[in-house]
Ligand SMILES: Cc1cc2nc3c(=O)[nH]c(=O)nc-3n(C[C@H](O)[C@H](O)[C@H](O)COP(=O)(O)OP(=O)(O)OC[C@H]3O[C@@H](n4cnc5c(N)ncnc54)[C@H](O)[C@@H]3O)c2cc1C
């Protein structure tokens, strides 16, 4: 074979497509069973970071490469010697997101929902992190529609004999000849039918070894391996949480990072991770400890485990990392949203393709139901009725009683909670309020996209007409690995001394989406799938050029 690609997630599929397009023959190894292609991207919401798109312009959003670069650099906070390649990758990616990305995706048949979302809005003055404008473009068809064109191309190449696809092949080490990486060794895993996303057997029934002129690692991050997440947890975020939910399937276990490092590749920024603070237990789990992330609008009140309102700007959807850091100081791994029916139906979106059947199935009828229905999206209503973290009551004292019953100790004082809610309610009808969350709600509603579908009309939480009241217990949810194998701008894996490790390339999450961490400390969102597309493309092209 000319090249071996390890891992058939989005980055691996894109790299394979590029190798095939350059006329190379590829062996694609994947540890999971036969129907699975696309890895995490299949489950993803399909949100993509684009800069200065037609959709933004139609909604009156003024964006530019300069503006996005300023936002990205403030958000990333690059501050280490190791950040040279990550920063160069960030710059290259920003040019892609402001330039060719959209037309390239359209050539692949990928389109977008017309309303651009505003993720990570920051809530600081101009010097703080976050998106200063909306940039989150949801793919029409969500994650599966991002995967589909690349999967189709790979399957076609399999039929043409240009790609050999081997499932249940788990890479365990890389082999080298004269200092050049020339092959992959590993175990053939027991074959058994397993539904996509569920953990599969790790029992080995044989061994394999293959050789290739270029080896591309696209094995994903570590979010499904909580032990590794805790080991790498940085002290700046407080103690590692005892309890976490998994926002990714079990195959996101970090094995590719280990084998890349054992072969001589340098792993940088392992302490930079992107975990969410609005995780809820999936009432119908697919993978172990399966949690779903709420993509929240800004109106819910957010309290810590003891019932103290989180300080500004830790409001829903503002600054994931700052909120995670704040929760680390509270001594508890969970927090609470308190909201109304009016807020949940407008402001709760659940991340994941299976949680958005309207967008995933491209159903206009279901989409309209989401917008006009009194109960909000069906998957959200299902969580409200069946989810272990939801309690509902028209009366606040009763609600607090139910919230307390969900935890081992009754930590919430109904009187103190009522006082904080009443103080916020006293401000909510004043657009000039100095309550920073209220101020943010009015400011957000000046953006047409938010006013149309994302931010509820300002109202008092204790207004019975907006009720019932809802309490939601929120867990920390593991998701993305921001650090990874250090790579240069050709996706060549680098050694600790900065020299390329000949024969080895890496792309996607295992490479920190490029360079070993192009996001720095934090993300503007929608940049992970994009990072896989971009780095997979570069790795595939560079590996193809290296084959004689
Ligand atoms: C629910 C959910 C929602 C998301 N929403 C978004 C979003 O809206 N926008 C966004 O930008 N990002 C989103 N993401 C993140 C994004 O989907 C991932 O970061 C991205 O898909 C990672 O792709 P990858 O190809 O690098 O790795 P993966 O998708 O993890 O693929 C790696 C593949 O390699 C295989 N593999 C691993 N180790 C080995 C081994 N040793 N041998 C052989 N095979 C191996 C795995 O089985 C897997 O198939 C979301 C993720 C999830 C789970």
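The values are calculated or read from the model by the stated rules, or taken from the named source; none is laboratory data. All of these numbers come straight from a predicted model, not from anything done at the bench. All Cβ positions, even for glycine, are placed from backbone atoms using ideal geometry, and neighbour counts span all protein chains on display.
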> Quick one: in region 1-14, which of the residues that are in a loop (DSSP other than H, G, I, E, B) and farther than 16 Å from residue 509 by Cβ is nearest to the ligand (Cβ to nearest atom)?
Replying inline: 1
> Among (1) in the same structural domain as residue 14 (by TED's automatic domain parsing); (2) at pLDDT 95 or above; (3) under 24 Å from residue 36 (Cβ atoms); (4) more than 9 Å from the ligand (Cβ to nearest atom), which single condition is residue 229 missing?
Replying inline: (1)
>> Tell me the residue from 453, 476, 548, 470 that is surrounded by fewer than 18 Cβ atoms within 10 Å (Cβ to Cβ) and over 23 Å from residue 51 (Cα atoms), please.
In response: 548
> Is there a residue being crowded, with 21+ Cβ neighbours inside 10 Å, within 16 Å of the ligand (Cβ to nearest atom) and not in a strand (DSSP E or B) anywhere in region 310-318?
Replying inline: yes
> Pick from region 487-502 the residues that are on the phi < 0 side of the Ramachandran plot and in a loop (DSSP other than H, G, I, E, B): which of them is surrounded by the most Cβ atoms within 10 Å (Cβ to Cβ)?
Replying inline: 488
>> Would you confirm whether or not region 33-54 contains a residue that is away from the ligand (no atom under 15 Å from the Cβ), over 25 Å from residue 219 (Cβ atoms) and assigned to a helix (DSSP H, G or I)?
In response: yes
> Conditions: (1) more than 9 Å from the ligand (Cβ to nearest atom); (2) part of a helix (DSSP H, G or I); (3) surrounded by 16 or more Cβ atoms within 10 Å (Cβ to Cβ). Residue 259 meets all but one. Number of the miss?
Replying inline: (1)
> Quick check: anything in region 247-254 surrounded by 15 or more Cβ atoms within 10 Å (Cβ to Cβ), more than 20 Å from the chain's Cα centre (by Cα) and more than 28 Å from residue 18 (Cα to Cα)?
Replying inline: no
> So which residues in region 320-353 are assigned to a loop (DSSP other than H, G, I, E, B) and closer than 15 Å to residue 477 by Cα, if there are any at all?
Replying inline: 332, 333, 351, 352
> Residues 197, 186, 221: which one is assigned to a loop (DSSP other than H, G, I, E, B), within 11 Å of the ligand (Cβ to nearest atom) and either touching a strand residue (DSSP E or B) at 6+ places or on another chain (Cβ under 7 Å) or under 22 Å from residue 269 (Cβ atoms) (or both)?
Replying inline: 221
> Name the residues in region 362-401 that are touching a residue at least 40 places away in the same chain (Cβ under 8 Å), more than 30 Å from residue 148 (Cα to Cα) and either surrounded by 15 or more Cβ atoms within 10 Å (Cβ to Cβ) or out of contact with any strand residue (DSSP E or B) (no Cβ under 8 Å at 6 or more places or on another chain) (or both), would you?
Replying inline: 384, 386, 387, 389, 390, 391, 392, 393, 396, 399, 400
> How many residues are assigned to a strand (DSSP E or B) and either in contact with a helix residue (DSSP H, G or I) (Cβ under 8 Å, 6 or more places away or on another chain) or under 30 Å from residue 451 (Cβ atoms) (or both) if we restrict to region 275-290?
Replying inline: 6
>> Whether any residue in region 155-162 is modelled with pLDDT of 95 or more and within 15 Å of the ligand (Cβ to nearest atom) is what I want to check.
In response: no
>> Which numbered condition in (1) touching a strand residue (DSSP E or B) at 6+ places or on another chain (Cβ under 9 Å); (2) at pLDDT 95 or above is the only one that residue 34 fails?
In response: (2)
> Of the residues that make up region 80-96, is at least one assigned by TED's automatic domain parsing to the domain that holds residue 166, more than 16 Å from the ligand (Cβ to nearest atom) and assigned to a loop (DSSP other than H, G, I, E, B)?
Replying inline: yes
>> If I filter region 503-546 down to residues being over 23 Å from residue 135 (Cα atoms), in a helix (DSSP H, G or I) and touching a helix residue (DSSP H, G or I) at 6+ places or on another chain (Cβ under 7 Å), which single residue comes out as farthest from the ligand (Cβ to nearest atom)?
In response: 544
>> Of everything in region 412-447, what is part of a helix (DSSP H, G or I), surrounded by fewer than 17 Cβ atoms within 10 Å (Cβ to Cβ) and at pLDDT below 95? Give them in sequence order.
In response: 436, 443
> Can you name the residue in region 1-31 that is in contact with a strand residue (DSSP E or B) (Cβ under 9 Å, 6 or more places away or on another chain) and more than 21 Å from residue 186 (Cβ to Cβ) and is also surrounded by the most Cβ atoms within 10 Å (Cβ to Cβ) among such residues?
Replying inline: 10
> Can you spot a residue in region 15-26 that is closer than 20 Å to residue 517 by Cβ, part of a helix (DSSP H, G or I) and either at pLDDT 95 or above or more than 16 Å from the ligand (Cβ to nearest atom) (or both)?
Replying inline: yes
